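Before any comments, here is the structure.
The values are calculated or read from the model by the stated rules, or taken from the named source; none is laboratory data. Model, not experiment: these values are computed from the prediction. Don't worry about glycine lacking a Cβ; one is built from the backbone with ideal geometry, like all the others, and counts go over all protein chains shown.
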Amino acid sequence: MPPALQNVDMLHSDSHFEAHIKDTYKIDDVKSVNNNVLDRNESVSDMYDDFNLAKYEAMDFKAQIRWPDLIVQIALHTVSLLGFLLIMTNQVKLWTIIFVFLTIYTTGFGITAGVHRLWSHRAYKANLPLRILLAILFTVTGQRDIYTWALDHRVHHKYTETAADPHDVRRGFWFAHVGWLVLTPHPAVENRREALSRTSLDLIADPVVRIQKLFFIPLFLLLNILIPITIPMYFWGESFVNSFVVSFVTRFTIMLNIAYSVNSFAHLWGNKPYDRFIKSAENKLVSLAALGEGWHNYHHVFPWDYRTSELGKINISTTFIDFFAKLGWAYDLKAATNAMIKNRAAKSGDGSYHPSEEPYPN
């Protein structure tokens, strides 16, 4: 067993799984939960209140364009095209390109190991220094504050592929990729955001989350714009225009699209070794770009597993967490056992699961 996994909480049976889900999501009837998603056959009410999913599914809803958000997205992608042109025509210093690449892949841990696996799913625990580090890295990516991101992600997992899913992939690739950010949300999404905010008090109870949320705008300006623009200009004499276009806008847009790809590509294309009945799939390219977040069929079956995949897969974020577990900064890591994974694959997988993919030797 890897050293980091000495602190792993291995869930050995379905009863342990149910107990974990019940504790995490404060649900009284765990039998009506399937991977944190409300059973679609239940049309009476949600377990928190009198939420009627069937009513929202039958609703004739037409989303409206949120023009400020759309204009921002168009501006970012248009300027990014200029950034790629500057790079391809050798008008940008090599050090700036290297800096952008390294920034993308180091700050990405703030999303994968931070707001996703730590704060959204509570798949492991982290001490204060690691939480501060992850909050800083996440803020550099510019993807909203931790609380808002994590709350939306919890809604997504609980109501995947329903009207209450913020980026419901049933509405098409472009909606799941970016459309959900530039269109008014479905009333079911707004309803569930408000409902789950009452059961997500653990987020706001974390002082790191509270401070990052309170000071998000100035932190965004400092960490995502000012510092990335200043470093290339100060240390190797990059021009302001190149630094603004490439080190800020292009880098920021690339980061956004990598995150978007988990919602779109990884919910549409790939094999489904663990559950063939859901849309999320194992996507190698997304996993490579998103530091291991593309093994999405596994993740939606075992959302509480800190690895989001089986070991042996491309998953740099798992290595990141394991490293800090060795230092004692990360602990109480939760992971599924061999038997649990194999049983689920045999029960509902598409047949592509192979025994060599087991996470640990017996």
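Given (1) surrounded by fewer than 19 Cβ atoms within 10 Å (Cβ to Cβ); (2) over 21 Å from the mean Cα position of the chain (by Cα), identify the lone condition not met by PRO228.
In the conditions (1) surrounded by fewer than 19 Cβ atoms within 10 Å (Cβ to Cβ); (2) over 21 Å from the mean Cα position of the chain (by Cα), PRO228 misses (1) alone.
Given the residues VAL241, VAL262, which is the only one that is surrounded by fewer than 24 Cβ atoms within 10 Å (Cβ to Cβ) and hydrophobic (A, V, I, L, M, F, W, C)?
VAL241
One residue is enough: does the stretch 31-54 have a residue meeting the conditions surrounded by 15 or more Cβ atoms within 10 Å (Cβ to Cβ), within 30 Å of GLY328 (Cβ to Cβ) and either modelled with pLDDT under 95 or under 23 Å from the mean Cα position of the chain (by Cα) (or both)?
Yes, that holds for at least one residue.
What is the residue count in the stretch 255-281 for residues that are over 15 Å from the mean Cα position of the chain (by Cα) and more than 14 Å from THR160 (Cα to Cα)?
Qualifying residue count, the stretch 255-281: 7.
Do you know which residues across the stretch 191-225 are loosely packed, with under 14 Cβ neighbours inside 10 Å, among the charged types (D, E, K, R) and without any contact (Cβ under 8 Å) to a residue 60 or more places away in the chain?
Residue satisfying the conditions is GLU194 alone.
Against the definition (polar (S, T, N, Q), closer than 25 Å to LYS279 by Cβ and out of contact with any Pro (no Cβ under 6 Å at 6 or more places or on another chain)), how does ASN315 come out, yes or no?
Answer is yes for this residue.
Listed here are the residues, each with its yes/no results for (1) part of a helix (DSSP H, G or I); (2) of a type in the set (Val, Ile, Thr).
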| site | (1), (2) |
| --- | --- |
| LYS279 | no, no |
| VAL286 | yes, yes |
| TYR298 | yes, no |
| PRO303 | no, no |
| ASP322 | yes, no |
| LYS326 | yes, no |
| MET340 | yes, no |
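Within the group LEU219, LEU226, which residue is at pLDDT 95 or above and in contact with a helix residue (DSSP H, G or I) (Cβ under 8 Å, 6 or more places away or on another chain)?
LEU219
Which numbered condition in (1) touching a His at 6+ places or on another chain (Cβ under 9 Å); (2) part of a helix (DSSP H, G or I); (3) within 29 Å of PRO129 (Cα to Cα); (4) modelled with pLDDT of 95 or more is the only one that SER261 fails?
(3) is the only condition that SER261 fails.
Between residues in the stretch 226-237 that are farther than 15 Å from THR250 by Cα and residues that are of a type outside the set (Lys, Arg) and surrounded by fewer than 13 Cβ atoms within 10 Å (Cβ to Cβ), which pairs lie under 7 Å by C-beta distance while being six or more apart or on different chains?
Cβ pairs passing all conditions: MET233/PHE240.
Could you tell me whether the stretch 234-253 includes any residue that is over 21 Å from LEU137 (Cα atoms), among the basic types (Lys, Arg) and either in contact with a helix residue (DSSP H, G or I) (Cβ under 6 Å, 6 or more places away or on another chain) or in a loop (DSSP other than H, G, I, E, B) (or both)?
no
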